[in-house]
Every structure is written in C-alpha cells, then in structure tokens.
Amino acid sequence: MGVNLKEYIDIRLKEINKNIDEIFEKSDIDIENSFIDMLKYPLEAGGKRLRPILTCLVCELFEGDYKKAIIPAISLELIHTYSLVHDDLPSMDNDNLRRGKPTAHVKFGEANAILIGDGLLTHAFQLLSKSEVPDETLRNLLFEISYAAGYQGMVIGQFIDLYYEEKNIDFETLKVLHAKKTGAMIRGAARVGAISSEKKNIDIENITKYGEAIGLAFQIWDDVLDVISDNETLGKTVGKDAKEGKLTYVKQFGIEGAKEKAKETIDKAIDYLKVYKDNQAKSLLIELAKYIIERKS
C-alpha cells in the first residue's frame, strides 16, 4: 500500500468508525433509542483511536488480515471509552470536558453516565463474541482484553490513583499506576493484534514490550501536555494534576526531564521492533511510537 502513518490512520479509521456506527441496533421503542444515542455520544466525540489502530498494525506486522482484528479493536475502543466516561465522574476525576465536548455526566447526568459506561463495557464483550475467529483465538482474545481492562490492569490502576489522592506517592508506585491505568490497555491492544493474526509461533514478547513502552511514554507525554497545553488544544481540562498535587513525571523531573524520559522510552519501544522482519506495518509502528511524543493532544 505504501502509505505514511497519517494516510494509514485515515484509511483504517474510515472502516473502524463505520463499524462503530453500526454496532448498536436500533429499537422499536423510543426510550431505548434515546439511550443508544447516549451510548454513541462519547464514541462520536472522536479521539485518536490509538488502541484500535495499534491492534490493526500489529496484526499486519505478523502478516495477518487486519479485518479479523477490527472487531477486537473496536471492543478495546468501547472499553477505553467507558473508562473515560467513568474516569470523568464527580466521584473520580470530576472533569467537565473530554475530547473537546462536555463530559457524559455533564450532558446527561451522573446516573446516566454510569449506565453509559456500563453499557459500553458490557457491549464490548457481546461484540467480541461475534468475531469470526476459531474458538481458541476467541478465548485468547477474551483473556487478553479482560486482563487489560480488569482488576489486574486498568481498574487496579484507577484504584491506585484514587487511593493516593491527597496522599504522598513514591515514584515506584507512580510507575505501577501508569503501567496499569494507561499502559495495560495499550499493551493489551498490541497483544490482541498479535493474537488476531492467527499466526503460530510468533514472538509476542517483544511486541508486548513495545506496547508497554509506548503506553508509558503516552502517560509521560500526557503529564507534559497537562502543563504546557491548553483546554482547547488538549480537549480536556489542563493543569488538574498540579492543582490536585499529584506526583507526575513533570513534578519528578521537570518539563525537560520528563520530555527526555519520554524520548528514552520511545527509543526502547523502537528497539523492541528490531527482531521483526521489515515490512510496512513495522515502519508504521516506528512512526506510531514517534507520534506518541509529538502529539499536541
């Protein structure tokens, strides 16, 4: 195909977004349709779709058919979006802006926002059940996605974040928090892409380490953007970490130090790709890693 990362993302997003538009079946009952519209609201706000793009790319790295990765990729995006809806709730991060729009609880009320998150999370697994893959592959996908999203991954990361609000947190715990709250789903997206390729005897460990590294760099760069960006550019409220006294990479190392940490982490991520044979997907995964610390939002 011979495309750069932006072109690749544009091509894949058309298919990903088309599938997202079609995953909720319309009802004959008006009130059910009103809730479906609520479910679509945070999804249609956009976002980078980093996780589904990563899943498709890794599938292609292992010479798999990316179309088999689309449904697992969208399942990940539904779970990611649910996590943002719940993360923004007054009882958690209490944010009023997400992806440049009012957050779900601001738009629809707190109780409805909780239900929106519940609906997105559970539908992710119903959708995944429709994957046209062998049973063994489906079981592996179920494990990876639930592991990344559950109490050993994203959920425990959120718990750690809440637990240490207004408490001192050491840097080692901060790294665990980042690896779980943000990194687990990005790591999971890479592993889901590998599994979706349906290839046997592939080196999944190096692509796992790649996913972990770009996940960490993503969070470090978020820490930087929270200081140097603005609400309009970032699409969410900036300066909250400093206001709430949270330990971040910027607080630990300063802005330039945090930027250097992010770059070092991306360099490691790219090193993990060296074991794989050269193809377009590998080149795009290198571009994707670099994009993580070049993005403005």
The chain, Cα convex hull volume normalised per residue, Å³
124
Normalized C-alpha radius of gyration of region 55-131, against 2.2 N^0.38 Å?
1.31
Charged-residue dipole, Cβ positions (Lys, Arg, Asp, Glu), region 1-93 about Cα centre, Debye nearest 20
420
log10 I(q)/I(0) for region 122-279, Debye formula on C-alpha points only (no solvent), q = 0.12 Å⁻¹, two decimals, reads -0.62
Run the 1.4 Å probe and let me know the accessible area of SER229, rounded to the nearest 10 Å².
20
Portion, in percent, of the accessible area of the chain that falls on carbon or sulfur, probe 1.4 Å
51
Rounded to whole Hz and in sequence order, give me ³J(HN,Hα) for region 245-261 from the Karplus expression 6.51 cos²θ - 1.76 cosθ + 1.60, θ = phi - 60°, writing x for Gly and Pro.
x, 6, 6, 9, 5, 5, 5, 6, 10, x, 4, 5, x, 5, 4, 5, 4
Taking the chain and counting helices only, DSSP H stretches of n ≥ 4 at -39,500 (n - 2.57) each over all residues, the nearest-500 ellipticity at 222 nm comes to -22500 deg cm²/dmol
Given a 1.4 angstrom probe, what's the average accessible area per residue across region 101-190, in square angstrom?
51
Could you give the size of the charge dipole of the chain about its Cα centre, using +1 on the Cβ of each K and R and -1 on the Cβ of each D and E, expressed in debye and rounded to the nearest 20?
620
Based on the Cα gyration tensor of region 204-297, what are the three equivalent ellipsoid semi-axes, each the root of five times an eigenvalue, rounded to whole Å and given largest first?
28, 14, 10
Can you tell which of SER34, ALA148, SER83 lies farthest toward the positive end of the dipole of the chain, using +1 and -1 charges on the Cβ of basic and acidic side chains (Lys, Arg; Asp, Glu)?
ALA148
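The values are calculated or read from the model by the stated rules, or taken from the named source; none is laboratory data. What you see is a predicted model; the values in this text were computed from it and never measured. All Cβ positions, even for glycine, are placed from backbone atoms using ideal geometry, and neighbour counts span all protein chains on display. Ligands, DNA and RNA are excluded from the accessible area calculation, which covers all protein heavy atoms including side chains. Shrake-Rupley method; radii C 1.70, N 1.55, O 1.52, S 1.80 Å.
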